[in-house]
1. Summing +1 for each Lys or Arg and -1 for each Asp or Glu, what net charge is found among the other residues whose Cβ lies under 13 Å from the Cβ of GLN7?
2. Whole angstrom only: what separates the Cα centroid of the stretch 211-243 from the Cα centroid of the stretch 418-449?
3. List, in the order given, every pair from LYS99/LYS193; LYS99/LYS173; LYS99/LYS325 whose Cα-Cα distance in the structure shown is over 24 Å.
4. Can you bin the stretch 1-99 into rounded, prolate or oblate? Criterion: square roots of the alpha carbon gyration tensor eigenvalues sorted a ≥ b ≥ c, rounded for a/c under 1.5, prolate for a/b above b/c, oblate for the rest.
5. Counting other C-beta atoms within 10 Å, which of ASP422, ASP250, ASP133 has the fewest, and how do the rest follow?
6. What residues qualify as long-range amide H neighbours of LEU171, i.e. H under 5 Å apart, gap of 5 or more or another chain, H built at 1.01 Å from N?
7. If you project the alpha carbons of the stretch 6-302 onto the principal axes, what extent comes out on each, in Å, largest first?
8. Take the alpha-carbon centre of the stretch 246-263, take the same for the stretch 55-92, and report the distance between them in whole Å.
Amino acid sequence: MTLFNCQPARRIASGFHPDPTICEKPDGGYYMVNSSFEFFPGMPVFESEDGEHWRKIGDAMNREAQFPYETMGNSQGIYAPTLRWHDGTYYLIVTNVNKGNMILTTADPHAGWSDPIWVEGWPGIDPSLFFDDDGTAYICGNEGGEPDENGEREPAGIYLSKIDVETGTVLTKRQRICGGITGSNPEGPHMYKRGGTYYLMWAEGGTESGHMENIARSSSPTGPYEMYPGNPLITNRSTHLTLQAIGHCDCAHFDADSTLMVFHGTRNNDEYPAQGWIGREPYAVWFTWQDGWPCLADQSYDCALDGCGESLERDVEWITPAIDKAGRFTVSGGDKHAAATCVPRADGLLCDSNGVTIDVHAADQSFDLTDGPTMVGTRQTDFRCEFGATIADARELTHGETGVAVYANANHYLTLGVHAADDDGLLRVEAVAHNAGLVSVVGAVNESADATLRLVVRGDDYGYAFAVRNTFTGEEQPLGRIPGKVLSFVNAGGFTGILLGVYAHGRGEITFTDVRYTV
C-alpha cells in the first residue's frame with residue numbers, strides 16, 4: 001500500500017473477467033478460467049503459451065444443464081472457480097450461489113466440459129481443490145452454511161476437508177485452518193506444495209478498495225500455518241493508482257524459481273474520488289522466491305487507463321444475463337464468420353463476430369431477470385469505445401421501446417431507446433439514465449417512422465455520449481451525455497461490469513443490423 005513499491009502489471013483479458021484461476025498444462029502452457037456470475041455462456045476459458053499473451057478458446061458452461069437455477073438476480077450465479085489438472089483430467093470447481101458447489105471435468109478444455117458433479121455438505125463460496133503427491137484430494141473454501149441450534153455461524157476463515165472428486169463426496173469433517181490476518185472476508189483460497197512445504201494463499205479485506213492477498217505455510221495441509229511476515233503480498237489500498245482493488249490471486253509453476261501469478265483489479269479514472277465501471281479484470285505477473293517465501297511484500301501494481309490493443313480489447317463475444325430459455329435473440333453474420341449463425345441460448349453457440357445482425361423477439365418486461373434476459377451484448381473492454389446498432393425497421397415494434405443499453409444491473413443502466421410510433425407516425429428517441437429508480441431523460445428527438453435509424457453510444461474516461469443517425473440523410477443528432485459514475489462500483493454495486501447491447505421491451509420482432517463494438 002505504498003507508491004514507493006509499485007510495478008507495472010500486464011492485463012491479460014479486458015472487460016469483466018473476475019476471479020482468475022490458472023493451471024499449467026502437462027505439456028507446457030497455461031489455461032485460465034474466470035467467474036461469470038449471471039451471464040451465459042459462462043466461465044470463459046483462455047489459453048496461453050507464455051502466461052502473458054492469451055486467447056479465448058471457449059466457455060466451460062455453455063449448456064442449460066450446467067447452469068440450473070430457479071430464480072437468479074444480478075451478481076448471483078457463478079462465483080470464483082478453481083482450475084486444476086490431475087492424472088489426465090482437468091477439474092473445475094466453482095460455486096453456483098443459486099444451487100451449490102459443483103465440479104466440471106474434461107480431458108481437453110478445447111472439447112467442452114461435463115455436466116456438474118454436485119458437492120454435498122460443503123457450504124460457502126470460492127471452493128478450491130488441491131491434489132497431494134499421494135493423490136489425496138482436498139477441498140478448501142471459506143465459512144458458510146446455516147446457523148447451528150444455538151444460532152451460531154462458522155467463524156470467518158478458510159476451511160479444509162478431504163474430498164472424492166469423482167463423486168463430490170466430502171470425506172472428512174470441515175476444519176478451520178486459517179482465520180486471515182484481519183478477519184475481514186478471508187476468501188478465494190488456493191493451496192500449493194513447494195519443496196515439501198504446503199502453502200495457503202487467500203484474498204482478504206473484501207473485493208473493493210481494501211482488497212489484498214496473503215500467504216502462509218505449513219508442514220501439513222491441516223496446519224498449523226505460519227503467517228508470512230511480509231503480508232499482504234499485494235494490495236493497492238490507500239493509493240491513488242489507476243489500478244485498484246487488486247487481489248484474488250492464483251499461481252502456476254509454483255514449485256519453480258519463478259512463479260506465474262494472476263490476480264484481478266479494477267481500472268479507475270482521475271476523477272475525485274476516482275471512478276471505475278468496466279469491471280474486475282485479470283492481470284499477470286511473475287515473482288521469485290527467497291528463504292521459502294515469495295519475493296513480494298506489500299507490493300503494488302499499476303496499469304494504463306486504456307489499453308493498446310494487446311489485452312483482447314477488441315474481442316467481441318455475445319452474452320446475455322441468465323439463459324435465454326425463451327429464445328428471444330438470434331445473432332448471425334459478422335466480419336469473421338459471415339456464414340455463421342450464433343444463438344445465445346442453452347441449445348446453441350455464440351460467435352465472436354463484430355458487425356452482426358441480431359433478431360429480437362420483444363418481451364413485455366423490464367431489465368430484471370425474473371423472466372430471463374431482455375438483452376444481448378458484449379463486454380465493455382476500454383473506457384474509450386463505441387457501440388452502435390441500426391434498427392432495420394422500427395415499425396416492427398408495435399408497443400414499447402427498443403434500442404441499445406449500457407447495462408450494469410437491473411437498477412443501474414443507460415438506454416438509447418426508440419419508442420413505438422405514435423398516431424402521427426413519429427418515433428420518440430430518448431437517452432435515459434436509470435439510477436436506482438431515479439429516471440433522467442438527458443436528450444430526446446422525434447424521427448419519422450419511415451426512417452432507418454442508427455443508435456450510437458460513445459464511451460470515454462468520464463462517461464457516455466449518445467447520438468442517433470438518420471442513415472438516409474446522414475444527419476446525426478447528439479442526445480447528451482451521462483456520467484459513468486452512475487454505473488460505477490461505488491454507486492451501482494455488484495461484482496460484474498458493463499454490458500453494451502441491444503434490447504426490445506414490448507411487442508414485435510426487431511432486427512438490428514451492423515451491431516458493432518469498436519475501441
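Bear in mind that the values in this text are calculations on the coordinates, not laboratory data. The structure presented is a predicted model; accordingly, all values stated were derived computationally and were not measured. When we count neighbours, we look across all protein chains shown, and the Cβ atoms used for this are built from the backbone with ideal geometry, even at glycine.
1. Cβ neighbours under 13 Å give a net charge of -1.
2. Between the Cα centre of the stretch 211-243 and that of the stretch 418-449, the gap is 51 Å.
3. Distance filter (> 24 Å) returns LYS99/LYS193.
4. Since a/c reaches 1.5 but b/c is at least a/b, the shape of the stretch 1-99 is classed as oblate.
5. So the residues, fewest neighbours to most, are ASP133, ASP422, ASP250.
6. Those lying under 5 Å, H to H, from LEU171 are LYS162, ILE163, ASP164.
7. 47, 47, 40
8. 21
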